[in-house]
Structure formats: structure tokens, C-alpha cells
1. Is there a residue being over 18 Å from A389 (Cβ atoms) and in a helix (DSSP H, G or I) anywhere in the stretch 440-462?
2. Test of understanding: among L556, L548, which residue is out of contact with any strand residue (DSSP E or B) (no Cβ under 8 Å at 6 or more places or on another chain) and surrounded by fewer than 20 Cβ atoms within 10 Å (Cβ to Cβ)?
3. For residues in the stretch 126-149 being part of a helix (DSSP H, G or I) and without any contact (Cβ under 8 Å) to a residue 12 or more places away in the chain, which is nearest to I273 (Cα to Cα)?
4. Only one residue in V277, V323 is assigned to a helix (DSSP H, G or I), modelled with pLDDT of 95 or more and β-branched (V, I, T), so which one is that?
5. Tell me the residue from V406, V387 that is in contact (Cβ under 8 Å) with a residue 40 or more places away in the chain and part of a helix (DSSP H, G or I), please.
6. I'd like the full set of residues that are closer than 16 Å to M345 by Cα and not in a loop (DSSP other than H, G, I, E, B), limited to the stretch 409-430.
7. Filtering the stretch 553-574 down to residues that are assigned to a helix (DSSP H, G or I) and small (G, A, S), which residue is farthest from V442 (Cα to Cα)?
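The values are calculated or read from the model by the stated rules, or taken from the named source; none is laboratory data. Source: prediction; values computed, not measured. With ideal geometry, Cβ positions are generated from the backbone for all residues, glycine too; neighbour counts draw on all protein chains shown.
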Amino acid sequence: MTESGSQLAQITCPDDIRGMSVSELTRLAGEIRRHIIETVSETGGHLAPNLGVVELTLALHRVLESPRDRIVWDVGHQSYTHKIICGRLGDFCTLRQDGGISGFPKIGESPHDVFETGHSSTSVAAALGMAVARDIRGEEGEVVAVIGDGALTGGLAYEGLNNAGHLGTKMTVVLNDNSMSISSNVGAISGYLSRLRSDPTYNRLKEDVNALVERLPSVGRPITGSIRRVKGSLKYLLLPGMIFEELGFTYLGPVDGHDIGAMMGVLQRAQRIPGPVLIHTITVKGKGYEPAERRPDKFHGVGSFDLATGDGRKSSSTSYTDVFSRALLRLAKTDERVVAITAAMPDGTGTDAMAESFPERFFDVGIAEPGGVTFAAGLASRGMRPVVAVYSTFLQRAYDQVVHDVAHQNLPVIFAVDRAGVVGADGDTHQGAFDIAFLRHVPNMTLAAPRDEAELGNLLHSALLWGGPVALRYPRGSGPGTPVDGAFQMITRGRGERLRSGTDAAVLAFGHPVSEAMRAAEILDGDGYRIAVADARFAKPLDEDLILSLAREVPLIVTVEEGSVQGGFGSAVLELLHRELAASERPEIEILGLPDRFIPHGDQDAQRVQFGLDATGIARALREHLGISSSHSAT
């Protein structure tokens, strides 16, 4: 995709750009931007965030000496240009593909990737730790945190800023301000940054006010404190950027993040300032590709698409997210207590429909899952029925709030846990592997998973009536295609369903794998074996009657879940059988699920095959335990 005569083709490491002029770097930026657009149109990926930081990245690597100088990317989906100029140009076509390079910084890929940042708002604290370690060890080098794409809406970022300002450690924070996270930024901080962006006189005003304040007299010990307070008051009155200064940072900016020369100048200035510095850069998310500039939310993360139009190439069937969105809207129309909460992802979670139809009952809290969950707890304590729509991987960030603020008070908060299970190309930081394990042991929690689209709507409807905290987990992508337009049916809390009878073995599946379990049982029909299948529906509370009846009927139970086998649904079944049945009564148990390791990026369906969670894999497990050779099979 790169021409042999291009500048880009000659770049193998950051050293190759350090002698380039601004005009040469500007030309290189254009080549990189085209290369990213062309590649992501084939592989999918995070397009708009990366198009916005091309020049910023080149300026960083032109001024700094990576990896001696350490750059921490936040969020890591902004790191494509960094990857390209740090030796991965030839592998960039494998982006997010099975066996290819990650879409996020990855320590194992390159020494230039110094910290793995798949989640948001971590960079300042991590970079501060690196800077303090540098000082303790007596080492040299700059440490820079690049935070943006909405990451400054997360509380962890302010914990890092607060600590950095307190310690006074030399480091630089580059605030990449593009007014966006995945969707438009929200909240007071976003408004504050907007006011800074719109004030072109800020830098001149800051210099003038500082000069004025320094000329004020400071004579006489008794009045020194008063003079200091007067100086501080003048700054508060006249300078709009004091929040960062008061946190202990020297504030530089705003500066055009697409002006390589200006960026180089401000980075060099930051290197000469002792203590922490914050550089406020202004960028355009999606810059250089008109469809992405027009709809940066749509092009935040995309599948393959047509370059000319920006239209996706793959026709998508109705997803679980779409089903949830429609069900939530239907329920909100009949129950005024229902409110929707998202952490900067209205489109990704399907809550955008609520935002459009019931804006007074929709809340985007920014990339602040802990605050969103406690906010939901407050709503629930006053009679509302909040639905927190969140990806499984991001619910991890609010674990303490789920336990302490929601479950401990037994408040009726519903967690719509999207992307539960394998997620494919987003990789190891985003796999929804752990929610069953970290939710099922929480007192008062109900944990359920639908086997199909219709059941998701029924569970959401029922959860509003059960009371107490409820988590409904469902996968990325589409289900088996069950119609969802009928009236909602009430589901009894803790009640599963036997779908198929059998005497030779039973498959007890939780959630999405139920349909694969049914297909596996049909495969075993060809071997002359009758396999029972049950939809557990609940990991907490378990349908004990259903599970114990199966255990007394068959010599083998295979449990299937798209989650970690450690502490998951299968573990709950084992605990039940150990407690209720004597050793001589217990059937053999095989637990199928996700292994005890972080799962890299790849194709979602291929990962299910890899871990034996498809029909063939379930059938294989049954055959192995039943002593059936593959050659015996009629399939």
C-alpha cells in the first residue's frame, strides 16, 4: 500500500524522522493518514481517533527520543501512527487480525510501547509512576502522557493529576482535546475546555497577568500573606485556565495539534520547565477523511468499509445491542421510572434511542463508570429504575460501586452488560471474560443471560419487577434470529428451562451457547446418544431443582459458558452438586468456558471454535467423555 519512493516507506524507527524539516514531516503526515485510511477500510479498527493525532504523534517523536523518553497513550486506540513509525509499517496490514498486531499499545510488540492502555484515563498515573521511578533510579529521559478522546472525563485522570501536582515531579501531559470520546464529550470539564478553545487571547492574557502580579510589591513580613492572596485572587479573576495551574501544573496552550512546528515548539518549551506541565492541544477527530470528520462517532471504531463512500461493506443482522435498545425504549414508554445511563457510549450501548425519545431520562456520565453506577444507586434509592448500559470489560472499572453502593443496599439497578464473552478484534483488554465470576459472588445480585433475542427483552422486562440489583449479560453481535416483536413475557427469577430430554448426558448452557448446545445434541443423535439440553438462564440464583434433577438422571453434565471457567457458572454448578449430593450420586462434570489467560485479538467466531464453545466443540467434549470415537460419528 506504500510506494517505494514515498517517505513513509523509508521509516523504520523514530530515529528516521528526527532530522526531518517541518515541511517534510507535513508531507509524511499526509502519507501516514492515507495509509491508515486504506488499511482500516480493509481490517476495521479505530479510524477517527487515529486520524486526529497524526501530526501530534510526529511532533512527539521528532522532539523526544523514544524509547529512552517514554510516551504513554491514553486511550491506546490513538496509537496507530506511533505503531507505524515505530517499526510496524510492514505489519500494519495485520492490524487486529488473528496473529497480527494489536489495535492498542502492546509491550510485547515493541520497546516503544511502554504501557498497555486499552481502558481509559490511566495514562497520567502510569506516567507519573514512571517519572518517579526515573528519579529514584537516577535515570534520564522525559515521560509524556498523551490523554484525550474523552479520557479526561474519567476520575482516574484527576487522581493522577492531583498526585502529580502534589509531588511536583517533572513530566508532561499532552491533552489531546478533540471535543469527543466515542460520542460527543459531556460534562463540566468538556465545557471548561471548550471555553479555553474559544479564547484566542488566553496565552497573551496569561503572560500579561503574570507580569502584572509579579510587579505587585511584597515588602514587609506582616503583609506577605495578604499580598500572596491578592496575587492569587487576581489570577483566578482574570485567567480561565487556572484549574490546571492550581493542580500544580504549568499550563501551555491551547495549541493547534495539527501544526507540527507549533507542537514541536511547545514540546521543547515543556522540556525546559521544571515540574509537571500540561500542554492543551486542539485536534479534529477524523481529520483528513471527510466521512470521518462529518461523523466521528460512527468512525470511532469501524469494520471494513468502502473508501469512496465510507459505507460499511458487511450487511449486519439485528444485534443483541439493537434488541436491548428497542426493548428499553418500549419499557420506558410504559414505565416513567425507567432511566438509561451510559459512560460515553450511547451509540455503542444502544441507549442513543433513549437519548432521542426521552432526553430527560437519559444520562451520559462521560468515561466515568464508577460515578455512573453510584449515580444509578442514588436514582434507585428514590424510586427510579436505572438501567446502566455498559460493556463487560468496562463494568470492571466500577466493581466497588456495584458491591458497596448498589448491592449492599439491595437497590434495583439493572446492569445491561453488553459485549459479554469474546469480542474478537478489540482483543485482550476488551474481552468480556470476567463478569460472571466477579458478579455471581456479590450478595443480593441476580445474574442472568438470554439464550436469544426474545429472551433478552423478556429478562429486561422481568428485571424491572424483581427488585434488587440485576445484571443481564449478552454478547457482541447477533443471536439466532428469534422474533422480538411480541408482548414481553414474565420470567420467574432463578428459573431455567429444560429444552431437550436425554438419558446419556446433559448440556447445561448459560446464555449465548444454548443454541450451540442444541446443535451439539443433534450431532450426537447421529451417534445414537440422547443428550438432554437445558437453558440455565441464571448463574445466580441457580435453578437448583432443574440442575439437581438433571444430575440424578444422567452420568455426565457438560456446562457451557462464554466466560472464565474460574469462578464462573460451571463453578457454581459444581458447588451446588457438592453441597446437595453425595459423592456417589454426582455425575461426571466437564466445564467449557474461557481459559485462565488473557485472550488476544482475533475473529470472534474463530475464538469460539478455538475454545470449544461452538456446536462442534461441545459435541467433541461429549464424545470424549462418553468414549465415542470420531470415526463412529455419522456426521
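1. If we filter the stretch 440-462 for residues that are over 18 Å from A389 (Cβ atoms), which is where we start, we get 440-444, 451-452, 454.
When the remaining residues are screened for being in a helix (DSSP H, G or I), the result is 440, 454.
The answer is yes, given that some residue of the stretch 440-462 is over 18 Å from A389 (Cβ atoms) and in a helix (DSSP H, G or I).
2. Working: L556 fails: out of contact with any strand residue (DSSP E or B) (no Cβ under 8 Å at 6 or more places or on another chain).
Checking each option against the conditions leaves just L548.
3. The extreme case among them is R134.
4. Working: V277 fails: assigned to a helix (DSSP H, G or I).
One residue alone meets the criteria, V323.
5. On the way: V387 fails: part of a helix (DSSP H, G or I).
After ruling out the rest, the residue left standing is V406.
6. Of everything in the stretch 409-430, those that are closer than 16 Å to M345 by Cα and not in a loop (DSSP other than H, G, I, E, B) turn out to be F415, A416, V417, D418.
7. First, the residues of the stretch 553-574 that are assigned to a helix (DSSP H, G or I): 553, 569-574.
Then drop every residue that is not small (G, A, S), which leaves 570-572.
Numbers: G570: 17, S571: 15, A572: 13 Å.
So the residue we want is G570.
So that you can scan it fast, the table gives a plain yes or no per residue for (1) polar (S, T, N, Q); (2) at pLDDT 95 or above; (3) out of contact with any Gly (no Cβ under 7 Å at 6 or more places or on another chain):
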site	(1), (2), (3)
G241	no, no, yes
E246	no, no, yes
F249	no, no, no
L252	no, no, yes
D259	no, yes, yes
Q271	yes, yes, yes
